[in-house]
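Presented below is the structure to which this report refers.
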Amino acid sequence: MKDYYEILGVLPDATPDDIKKAFRYLARQTHPDANPDDPAAESRFREIAEAYEVLSDPDKRARYDRGETLEFGDLFANFGSLNDLLGSFFGGGFSDPFVKRSGGGQDLLVESRVTLAEAALGVDKELTFHAPRACSECHGSGAKDGTEPVTCGRCHGQGSVQVARRTMLGTMSVVQTCSQCGGRGEVVESLCPSCGGQRLVEAKRTLTVHIPAGIDSGSRLRLRGEGGEGPGGTRPGDLYVQVAVEPDPRFVRSGFDLRHRLTVGVTEAALGTEVAVPLVEGGTVSLEIPPGTQPGTTVKVPRAGIGRLNSRGRGDLIVEIDVDIPRELSEEEEQLMRKLAELRAENPAASRGRRRRRR
Ligand SMILES: [Zn+2]
Ligand SMILES: [Zn+2]
């Protein structure tokens, strides 16, 4: 039997999170989409996918640990393309923000929590996060003060080299990134003592980000060029701000409308009343409940909902009226109800002692 723990490179007591991380890492490396020229990639990926399929499922993992044999369907049908796969791990369809792009800075992902009121009206949020920035000592060159990086001797400054690779079709000449200089075309001989030649240092950054009205949980804003600085003055990465909207127990969001449930007493519904309805931005609005209002009636407060994203105006606040039918009646209340029933020629059940309020 295959050792799925070994295939994923995790210990037998690995947590579900460890397994997910290991799979994510290996999938990115071995997925056939990432290795179009390597015919062996598919079988490698299948093995990794199979190991993940088993170890990520508590039930299958327990059966595997007991030594049972497991059946598999088409694992590719489950996992799909590399983009689908990474998308399922990040919950979005865009390119993986943690991949360091060649020749530029790192894309970063930060979370911003906003209240429902802030999501309704829009807000400027100050975000603090850690981002790579060029070392101030060497200005991102990685070379010690007074020295300069020199042209790489292996690739002669090209950043890439031609190597012979044995493939199924015979020996082929392929272009590879130079391993000596990592594709930069130059190497640093005396390292900057401040960053150790890394060229980038991790620094705290504060940025004010406008969260537009109408945004919903899970939305991502992309701020071009606000991610990590690139080494040696190359293009900075992008900053992705993932928005989480905190729920407000008074409201349920429905598109750009808000729904609020309001309970009135049975006499208030019958005779009419005036109620104070809370507004998401604070304060209240007075609402007239006409006599004879039925349970489930909705009353609209126009333009008191959520701002329409990328547009003008706001949705509505929809107030849903619920009528509180008394569950317990005092003796006097019951007498009045029975009197009312008589006047309205209704036919309520005879009094049963247990329905009276205990005193
Ligand atoms: Zn430095
Ligand atoms: Zn080189």
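The values are calculated or read from the model by the stated rules, or taken from the named source; none is laboratory data. Remember, predicted model here, so these are calculated numbers, not experimental data. Methodologically, a virtual Cβ is constructed for each residue, glycine included, from the backbone with ideal geometry; neighbour enumeration extends over all protein chains shown. Note: accessible area is taken over every heavy atom of the protein model, side chains too, but ligands, DNA and RNA are not part of it. Shrake-Rupley method; radii C 1.70, N 1.55, O 1.52, S 1.80 Å.
General observations
- Taking amide H atoms as placed 1.01 Å from N in the peptide plane, the amide H of residue 322 lies under 5 Å from those of 262, 263, 264, 296, each 5 or more residues away in sequence or on another chain.
- Sequentially through region 104-114, phi angles give Karplus couplings (6.51, -1.76, 1.60; θ = phi - 60°) of x, x, 7, 6, 10, 10, 10, 9, 10, 9, 10 Hz, Gly and Pro residues having no value and appearing as x.
- Database remark: amide H of residue 225 closer than 5 angstrom to the amide H of 238, 239 (H placed geometrically; neighbours at sequence offset of 5 or more, or on other chains; Pro and chain starts carry no H).
- 30, 273, 177, 15, reordered so the largest accessible area comes first (probe 1.4 Å): 177, 15, 273, 30
- The phi-based Karplus calculation (6.51 cos²θ - 1.76 cosθ + 1.60; θ = phi - 60°) puts the 3J(HN,Hα) values of region 63-68 at 5, 5, 4, 7, x, 6 Hz, whole numbers, x for Gly and Pro.
- Overall shape: prolate for region 207-359, with the ratio a/c of the largest to smallest alpha carbon gyration tensor axis at 1.5 or above and a/b above b/c.
- Segment residue 203..residue 115, full-extension length gain: 28.9 nm, with 0.36 nm per residue of separation and the alpha-carbon distance subtracted.
- R0 of 25 Å, Cβ-Cβ distance residue 284-residue 125: FRET efficiency to nearest 0.05: 0.40
- Computed from backbone phi, the HN-Hα couplings of region 136-144 come to 6, 5, 10, 6, x, 8, x, 9, 4 Hz, rounded to whole numbers (Karplus: 6.51 cos²θ - 1.76 cosθ + 1.60, θ = phi - 60°; Gly and Pro given as x).
- Cβ-derived FRET efficiency at R0 45 Å, residue 13 paired with residue 222, nearest 0.05: 0.70
- With the highest mean first, a sort of the peptides 187-193, 118-124 on other beta-carbon atoms found within 10 angstrom per residue produces 118-124, 187-193.
- When the square roots of the Cα gyration tensor eigenvalues are ordered a ≥ b ≥ c, the ratio a/c for region 103-228 is 1.5 or more and a/b does not exceed b/c, which makes its shape oblate.
- Nonlocal amide H pairs with residue 200, under 5 Å, H built at 1.01 Å: 135
- With helices as the sole contributors, the chain gives -6500 deg cm²/dmol at 222 nm; each DSSP H run of n ≥ 4 counts as -39500 (n - 2.57), and the sum is divided by every residue.
- Helix 331-343 and the long axis of the chain differ in direction by around 70°, with both axes built from C-alpha atoms.
- Principal-axis tilt of helix 41-55 within the chain, Cα atoms, nearest 10 degrees: 40 degrees
- Backbone N under 16 Å from the residue 351 label point (7 Å along Cα→Cβ), restricted to region 308-330: 328-330
- Cβ-Cβ FRET estimate between residue 66 and residue 246, R0 fixed at 45 Å, reported to 0.05: 0.55
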